[in-house]
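Working notes, structure below.
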Amino acid sequence: MKRLIFILPALMLISCNPKNDYKTILLKATGTVEIAPDEASIIINASCTDRDINQAKACLIEITSGLNENLSEFGIQKEDILTTNVNLNKEYSWINNSEVFNGYRASTTTSVRVRNLNNLDELYSTLLGNDKLSIGSLTYGHSKMDSINNLAYIKALESANKTADQILDQLPEKNKSIVQVSNLEIEKSDSRLNLKYERLAENESIDKSSLTINLGNVVAVQQLFVEYKIY
């Protein structure tokens, strides 16, 4: 068995199967795509507290109706307004070592998808100016995120192929063929017995489902494990 030590943030192994007389390399590669966002999401919270439960409900209905009217004025379609949470609870305060009933608290959380970013500044300012609303997180995204993630996978595969070629430049073997590809860590192939491998130093820890904003861009990151037969 021969072992290669290759310093890069990737998982790499090389093994030899006496029966089939071939070696394999397993690499972990990362693909990254940055693109300007074309949509955004805003989380909006609204609440009312009243000792009369019906008044609390009526107050919340008035606030949410006004919110929907404002969103409509900015061209937000009904299908882009999603109520994610509705609560009606009793609210208490702790005063002089005892609970004091404040009233009934009616609240709702709404997620709004903004497809026209040209309206975002004015819309956000309007929402912030409404003291009956509490504005949560503002996140950016892209309407074609599936295609962007697919491109990130392609870039990951291209990176793995390039690294494999660089490794082959240092080996007697000069040819490679892909045995398997996965976005999950690959187990050893059935054709190889008692495979031993070494995990190289690795500091990166990436949540694939996650999206971040970097200098105004949406960043899609995907990882692939690629196993090569070299000969």
- Note on the structure: Cα-Cα longer than 29 Å, checked against LYS23/LYS155; LYS78/LYS144; LYS144/LYS229; LYS90/LYS132, kept in input order, equals LYS144/LYS229
- Computed over the Cα atoms of the range 65-134, what is the ratio Rg over Rh, Rh following Kirkwood? 1.15
- With the calculation restricted to Cα positions, what are the radius of gyration and Dmax of the range 103-177 in angstrom? 24.4, 79
- Task: Using every Cα-Cα pair within the range 18-62, state what percent have a distance larger than 17 Å.
- Result: 71 percent
- If you take the beta carbon distance between ASN97 and ASN54 as r and set R0 to 41 Å, what does 1/(1 + (r/R0)^6) give as a FRET efficiency, to the nearest 0.05? 0.85
- Message: I want the local charge near ASN175. Using Cβ-Cβ distances under 13 Å, sum +1 for each Lys or Arg and -1 for each Asp or Glu among the other residues.
- Response: +1
- Message: For the ranges 62-73, 124-135, what's the packing order if you count other beta-carbon atoms within 10 Å of each residue, average per peptide, and put the highest first?
- Response: 62-73, 124-135
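Here, each number is a calculation from the coordinates, and none is a lab measurement. From a predicted model like this one, the values you see are computed outputs, not experimental measurements. Glycine also receives a Cβ, built like all others from the backbone with ideal geometry; neighbour counts cover every protein chain displayed.
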